[in-house]
Amino acid sequence: MTGWKQYRLDWLAQEERNVVDPKNLRDETVFHYSIPVLDESGDGRYEPTEALGSGKLVLRGGEVLISKLNPRLPRVIEAAAHEVVTVASTEFIALRPGPRLDRRFLRYWLCSEWVRQLLNGATISVTRSQQRIRPEVLTHLWARFPSTGIQRAIADYLDTETARIDALIEKKRRMVELVEERQGALVSLVSRRGVTADRVRADSRPWIVEVPISWDVLPLKRIGNLQAGAAFPDSYQGQLGELIPYFKVSDFETPGNEKVLCYGQNTVAKETARLLRSPVLPAGTIVFPKIGAALLSNRRRLLSIDSCVDQNVMGLTVTRGVPWFFYYLLKTLDFGTLRMPGPVPLLNERDAADLPVPVPPLDEQRRIVDYLDNRLRLLDEAASRLADELELLQEHRQALITAAVTGELEIPGAAA
């Protein structure tokens, strides 16, 4: 690190603080950098000015933005100028590099693990899930920086190397998507046609079309009992150690709950369940979201033990068949087509109860479950290996950036 000098960041970059009320903007459309859109697309987007609620940072282009919220997540982007006014959420810190700081080097430096850990250790809790840093925590940070010539050489090197790694990451992600597509296609085919070839008969219902001649077609309400959960007041939440788990839609995404709900954040006693008028659904019940965007995700889970669910979840307790078969079958059904009219997606429970489904004989249901369990296990193992490789690539990318911007990595053309 010969030739690297100690600076405070605000000596090298100016924080932009020009906040404007959207009502005072001249353009009907703006280019808006926001955290949700950045997470989704990696960029900002054009939005009508009237849709902007709170004050926004006005940008000229060339600023480097870093999120104040949850700095453990690498939300850093170079802002570009646009033909309309460019603005950013005030949840960003906007830094304009001076003549002694290369913009691309600053972006990589802010993405480094060294900076991320320092910021993460200086957060202030906003809510249980959100933490924020004060801008001065970043702008008053002391660090060693090389000359601008070396900064540009480091940035050139990282542009090339991260592009190569990003291409590999994208290929791995596509391979994971292909495995998931294969899993979905396999479940759809086998749960509707069976394991062995069989003659089929035509069916007039669009999503069924054909069904093996030995199978029935029955409404879902004749397969089992459909029952929605009950309201779960905040004052009863957060208790652990009671007899009955109380699952919410958020529990569907807890690691270990990918197929069977085993781990939750809430439990209640039998007396509390009765007080809340919350039905206790038996183990093996198939549960799914019934409202909001979660309904459209078509997620399905089975209950591992007798459990309660909140009002955003519905369960099918199978009384005529093998629960695991109907778990697989329900994964192929789009409940979004059964939503009620209105701005918020809401399952039409009557239509769901009347929904016709193919029902094979019990022996065939068991064969289908065994077949899918075995085939999907192999595909899950392939997806897991790809996920591990993807994680290693991402870790390598992060380590490379950190080593380069802190002077730990000798880079051709970046000698002092």
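Observations, loosely collected:
- Close amide-amide hydrogen proximity is noted between ARG301 and VAL287, each under 5 Å apart and 5 or more residues distant or on a separate chain (H modeled in the peptide plane; Pro and chain starts excluded).
- Spatial extent of region 1-66: Rg and Dmax, with the Cα atoms as the point set, Å: 15.9, 52
- Translational diffusion coefficient (Stokes-Einstein; Kirkwood radius from C-alpha pairs) of region 254-297 at 25 °C, 0.890 mPa s, in µm²/s: 193 µm²/s
- Isotropically averaged projected area of region 149-308, using the convex hull of Cα atoms (one quarter of hull area), nm²: 16.3 nm²
- Using every pair of distinct Cα positions in region 270-348, the Kirkwood expression returns a hydrodynamic radius of 13.4 angstrom.
- Links that overshoot a 22 Å alpha carbon limit, given the list LYS68/LYS172; LYS248/LYS331; LYS259/LYS331; LYS221/LYS331; LYS221/LYS290; LYS172/LYS331: LYS68/LYS172; LYS172/LYS331
- Whole-percent carbon and sulfur share, accessible surface of the chain, 1.4 Å: 51 percent
- Interchain or long-range residues, amide H under 5 Å from VAL357's placed H: LEU218, LEU220
- Cα pair distances in region 189-240, grouped into 10 Å bins until the bin that holds the longest one, percent each: 17, 33, 18, 12, 16, 4
- The convex hull of the Cα atoms of region 123-220, projected and averaged over all directions, covers 14.2 nm².
- Rolling a 1.4 Å probe over the heavy atoms of the protein chains gives the chain an accessible area of 52 Å² per residue.
- Dipole axis of the chain (+1 Lys, Arg; -1 Asp, Glu on Cβ), positive-most option in TYR246, GLN398, GLY55: TYR246
- Taking 0.890 mPa s as the viscosity and 25 °C as the temperature, the Stokes-Einstein diffusion coefficient of region 1-120 based on its alpha-carbon Kirkwood radius rounds to 163 µm²/s.
- Of ALA163, MET175, ILE208, farthest towards positive along the dipole that unit charges on Lys, Arg, Asp, Glu beta carbons give region 161-230: ILE208
- If you plug the beta carbon distance of GLU180 and MET340 into 1/(1 + (r/R0)^6) with R0 = 30 Å, you get a FRET efficiency near 0.55.
- Taking GluC sites (Glu not before Pro) across region 55-85, the ones in a DSSP loop with at most 14 further Cβ atoms lying within 10 angstrom of their Cβ are GLU83.
- Placing dummy labels 7 Å off each Cα toward the beta-carbon, the span from ARG299 to LEU189 is 2.8 nm.
- Whole-angstrom gap from region 91-113 to region 247-321, using each part's C-alpha centre: 46 Å
- Taking trypsin sites (Lys or Arg not before Pro) as exposed when their DSSP state is a loop state and no more than 13 other Cβ atoms lie within 10 Å, the longest site-free interval of the chain runs over 321-416.
- Placing unit charges on the Cβ atoms only, positive for Lys and Arg and negative for Asp and Glu, gives the chain a dipole magnitude near 420 debye about its Cα centre.
- Residue (of PRO343, TRP142, ILE124) at the positive-pole extreme of the chain, dipole from beta-carbon charges: PRO343
- Projected area averaged over orientations for region 220-330, convex hull of C-alpha atoms, nm²: 6.6 nm²
- With DNA, RNA and ligands ignored, accessible area of SER235 (1.4 Å probe; Å², nearest 10): 100 Å²
- Applying the Kirkwood pairwise sum to the alpha-carbon positions of the chain produces a hydrodynamic radius of 25.5 angstrom.
The values are calculated or read from the model by the stated rules, or taken from the named source; none is laboratory data. Since the structure is predicted, the reported quantities are computational estimates derived from the model, not experimental observations. FYI the Cβ positions are ideal-geometry reconstructions off the backbone, even for glycines, and counts take in every protein chain you see. Areas reflect the complete protein model, heavy atoms only, side chains present, ligands, DNA and RNA absent. Shrake-Rupley method; radii C 1.70, N 1.55, O 1.52, S 1.80 Å.
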